[in-house]
Amino acid sequence: MSERNVTISGAGRIEGGTYGTVKIAGSGKVVGDLTAEEFKAAGSAKVEGNLKAQKFEVAGSFKCEGRSRGRGGRGRRFLRRSGPP
């Protein structure tokens, strides 16, 4: 897996791709398919594509427009997926 890590603090967006760790604190958007070792979001997160993460944790709202797969996932509050099951 990639050693490329990214953090969004406040508001921002990133392009999809392969990452080690993706952290969103605030409001963040991922444009395209995302593969990550770890995906953490606190606030509001949206993935406009597919999400595959080894570790998944969300506190707040999350929307994935594609398929989402992960292990050890944990979510609190509101999770929403609007793609194929």
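Any read-out appearing in this document is the output of simple, stated calculations on the displayed coordinates, not a laboratory observation. Please read all numbers here as calculations on a predicted model, not as lab measurements. Please note: Cβ atoms are built from the backbone with ideal geometry, for glycine as well, and neighbour counts cover all protein chains shown.
Out of everything in the range 1-22 that is under 17 Å from S61 (Cβ atoms) and surrounded by 18 or more Cβ atoms within 10 Å (Cβ to Cβ), what residue ends up being nearest to the chain's Cα centre (by Cα)?
It comes out as V22.
Mind checking which residues of the range 40-54 are part of a strand (DSSP E or B) and over 11 Å from K29 (Cα atoms)?
Initially, the range 40-54 is screened for residues part of a strand (DSSP E or B), giving 40-48, 51-54.
Once the filter is applied, which keeps residues that are part of a strand (DSSP E or B) and over 11 Å from K29 (Cα atoms), the range 40-54 yields K40, A42, G43, L51, K52, A53, Q54.
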